[in-house]
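One structure below.
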Amino acid sequence: RFQDVEAPECDDGVDNDDDGHTDGADPYCSAAFDAHEAPACDDGIDNDGDGLTDYPFDSGCRSRNSDTEYTECSDGVDNNGDGDADFPADAGCPALWSPREGLACNDGIDNDNDGAIDFPEDLECAAPEDDTESDACHDGIDNDGDGDVDFPEDAGCRSEFDPSEDRECSDGIDNDLDGLIDHPEDSSCSGPGDDSEGSGGTTCGLVGAELLAVLALRRWRRARRASARA
């Protein structure tokens, strides 16, 4: 007798991941024999065999929508274009599980497409050791692990220029410039979930002043970059 064999999710006529796309029309199906319609970082499977499954547990997953659990240092690809691929051949890979082949602020690439490359030219880089050229609210990463990525999806982001996805009372920044940082040090914070260090723990705080500061910083950055290109 023949046993019934269950069809792979990419050839079963069902929208298994409820994204509105079925089988070959699903962007996560590269072939009809693919077992799952869900992205590799949200399918409940340890796809790279490292003992870790899906985002945020597998270091090769930058978000739930990532379609590979392999890190750049174990995926067989020369991701930073230096002629070497993966650990130990690539000097930018300190270990097989390192997520990147080169640190974003020291890899010779304009990772955030803003016209500035690496530290010190890109002002989002505080040091060559930084691994993102983008502000936390505009880098495509779920930095605070709450399941939401960047502005406007992440409630901790007031704009795409915010340096942190965390709420103001737990982001490590003195947002109201009173010399006190976060809960419980800043008395304006009733708890770490508050989104303003301003008076009363409301979301009013110093929004106007903070917005002016952000705009002034952006103008200064544009002027500096324009001057550098001249």
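Every number here is computed from the coordinates shown, using simple stated rules; none is lab data. Nothing here was measured: the structure is a model prediction, and the numbers come from that model. Cβ placement follows ideal geometry from the backbone for every residue including glycine, while neighbour counts extend to all protein chains displayed.
List of remarks:
- Full-stretch length increase - Ala126, Asp11 - with 0.36 nm per residue and alpha-carbon distance subtracted: 36.6 nm
- Model label points for Asp46 and Asp19, set 7 angstrom from Cα along the Cα-to-Cβ axis, are 2.4 nm apart.
- Additional length obtainable on full extension of the chain from Ser190 to Arg64, 0.36 nm per residue less Cα span: 42.2 nm
- A protection proxy built from the mean count of other Cβ atoms within 10 Å ranks the segments 58-70, 106-118, most packed first, as 58-70, 106-118.
- Ratio of Rg to Rh over segment 88-162 (Cα coordinates, Kirkwood Rh, two decimals): 1.02
- Span from the segment 158-184 Cα centroid across to the segment 91-134 one, whole angstrom: 24
- Label-point separation, Ala95 to Asp110 (7 Å along Cα→Cβ), nm: 3.5
- Counting beta carbons within 10 Å around each of Ser164, Ser159 and listing the fewest first gives the order Ser159, Ser164.
- Relative contact order, whole percent, for segment 122-164 stands at 33, derived from Cα pairs under 8 Å and 6 or more residues apart.
- When peptides 78-88, 32-42 are sorted by average Cβ neighbour count within 10 Å, with the highest value leading, the order is 32-42, 78-88.
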